[in-house]
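Worksheet for the structure shown next.
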Amino acid sequence: MGLLQEKIALVTGSSRGIGRATAELFASQGATLVVHYHKSEHQAKDVVSRIRQSGGKAISIGANLEEPDAIDALFDRIQSELGGLDILMANAAATAFKSIMDLKPHHVNRTFNLVFSGLIHAVQRAAPLMEARGSGRIITVSGHGTPFTLPGYAAIGSAKGAVETLTRYLAYELGPKGITCNSIAPGVIATDSARYYMGERYDRFDREVRLQTPLGRIGQPEDVARVALFLASPLSDFVTGQVLRVDGGLTLSSGPFENMTHVE
Ligand SMILES: NC(=O)c1ccc[n+]([C@@H]2O[C@H](COP(=O)([O-])OP(=O)(O)OC[C@H]3O[C@@H](n4cnc5c(N)ncnc54)[C@H](OP(=O)(O)O)[C@@H]3O)[C@@H](O)[C@H]2O)c1
């Protein structure tokens, strides 16, 4: 018996990276997965195939989570095709990595629409489905650029700061309905977005992060997925409103980020 037997889980942005690893782990523990994607339809379908080949259950649904109507359509399909929802991991994110002076209004709006406003809208649709099933789990994803400053990271770092605060308010408001809400704050995890952020300096960055990390390596998507499984499972029944840092101890050192990014 898996830890998520009979559960239905939506992991946003599970076509790639941390979301993909989490969707595959949840499915291996018995959950029926909604593999959500925006542009990477082919990769999302590949995740669904891998889950089904391993004996699990999954469907893929595409939606641009910057748009309220698309969020509604996503939840309408979950309701009609799967009949409910137990777990929401709000993992999808994107931004423009720019200095504050170069940020245009649309960069800020798009980042906050996806990461913050879209989360509120998704929770407004997810919570009644969870309440109808007697309990639920909401997992948000923050990041290293919230407690620390990173070059070019102001928009998304600030949006994730708002997400951490919202996580505590959600825990407070939804606790009486049997729904927990916690956040995972990954350190540096080897995914497409980390490679994109660092550009051609990624290899040097990788070496520096290893040196600064007490556990001596860069994070892998599976490191985050295992903590998400804990937060999604009965093992964390009495944990809510918390931010768990999954960074091998990187937050304990001063950080190798300055002068290492491709952001002007
Ligand atoms: N990697 C790290 O080092 C790191 C560190 C700290 C925090 N995090 C956080 O961890 C989470 C996952 O990171 P990752 O590195 O795995 O990301 P990633 O590989 O860049 O994947 C991002 C995911 O978000 C989806 N997405 C992007 N724009 C979207 C939109 N407008 N609507 C709906 N979905 C959209 C993408 O979907 P498509 O590909 O289908 O378009 C993709 O599945 C993010 O919240 C990120 O901020 C990552």
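Exactly one residue out of ALA90, ALA96 is of a type in the set (A, V, I, L, M) and crowded, with 24+ Cβ neighbours inside 10 Å, and it is ALA90. Could you please find all residues in region 1-27 being farther than 21 Å from THR140 by Cα and either surrounded by 16 or more Cβ atoms within 10 Å (Cβ to Cβ) or within 16 Å of the ligand (Cβ to nearest atom) (or both)? Listed by number, the list holds a single entry, GLY2. Looking at the structure I just gave you, is ALA185 modelled with pLDDT of 95 or more, more than 15 Å from ILE18 (Cβ to Cβ), within 11 Å of the ligand (Cβ to nearest atom) and surrounded by 20 or more Cβ atoms within 10 Å (Cβ to Cβ)? No.
Screening VAL123, VAL108, VAL141 for residues that are within 11 Å of the ligand (Cβ to nearest atom), closer than 24 Å to HIS36 by Cα and out of contact with any Gly (no Cβ under 6 Å at 6 or more places or on another chain) leaves exactly one candidate, VAL141.
Summed over region 28-63, residues that are within 10 Å of the ligand (Cβ to nearest atom), assigned to a strand (DSSP E or B) and not β-branched (Val, Ile, Thr) total 4. Could you count how many residues in region 132-149 are surrounded by 15 or more Cβ atoms within 10 Å (Cβ to Cβ) and in a helix (DSSP H, G or I)? Result for region 132-149: 0.
Scanning region 159-173 for residues that are touching a Cys at 6+ places or on another chain (Cβ under 6 Å) and hydrophobic (A, V, I, L, M, F, W, C), which turns out nearest to ASN109 (Cα to Cα)?
From region 159-173, those touching a Cys at 6+ places or on another chain (Cβ under 6 Å) are 167, 170-171; that's our starting set.
Still in the running and hydrophobic (A, V, I, L, M, F, W, C): 170-171.
Working: LEU170: 22, ALA171: 26 Å.
Ranking the candidates gives LEU170 first.
Restricted to region 213-226, and to residues there that are more than 13 Å from GLY17 (Cβ to Cβ) and surrounded by 19 or more Cβ atoms within 10 Å (Cβ to Cβ), the residue that is nearest to the ligand (Cβ to nearest atom) is ILE218. Against the conditions (1) touching a helix residue (DSSP H, G or I) at 6+ places or on another chain (Cβ under 6 Å); (2) away from the ligand (no atom under 12 Å from the Cβ), GLU66 satisfies every one except (2). In the set GLY199, GLY175, GLY157, only one residue is closer than 18 Å to ALA232 by Cα and not in a loop (DSSP other than H, G, I, E, B); that residue is GLY175. Here THR167, THR191 are screened, and the one residue that is under 16 Å from ARG245 (Cβ atoms) and either within 11 Å of the ligand (Cβ to nearest atom) or under 14 Å from the mean Cα position of the chain (by Cα) (or both) is THR167. Taking the listed residues ILE120, ILE100, the one that is of a type in the set (A, V, I, L, M, F, W, C), under 14 Å from GLU164 (Cα atoms) and modelled with pLDDT of 95 or more is ILE120, with no other qualifying.
Just to be sure, is VAL115 within 19 Å of ASP192 (Cβ to Cβ) and part of a helix (DSSP H, G or I)?
Details: within 19 Å of ASP192 (Cβ to Cβ): yes; part of a helix (DSSP H, G or I): yes.
Answer is yes for this residue.
Looking only at residues in region 95-107 that are in a loop (DSSP other than H, G, I, E, B) and in contact (Cβ under 8 Å) with a residue 40 or more places away in the chain, the one that is nearest to ILE18 (Cα to Cα) is THR95.
Would it be correct to say that ARG77 is out of contact with any Lys or Arg (no Cβ under 7 Å at 6 or more places or on another chain), more than 12 Å from the ligand (Cβ to nearest atom) and either under 22 Å from PHE116 (Cα atoms) or part of a helix (DSSP H, G or I) (or both)? Taking the combined requirement at face value, the residue satisfies it.
The values are calculated or read from the model by the stated rules, or taken from the named source; none is laboratory data. Remember, it's a predicted structure, so these values are computed and weren't measured experimentally. Cβ atoms come from the backbone with ideal geometry, glycine included; neighbour counts cover every protein chain shown.
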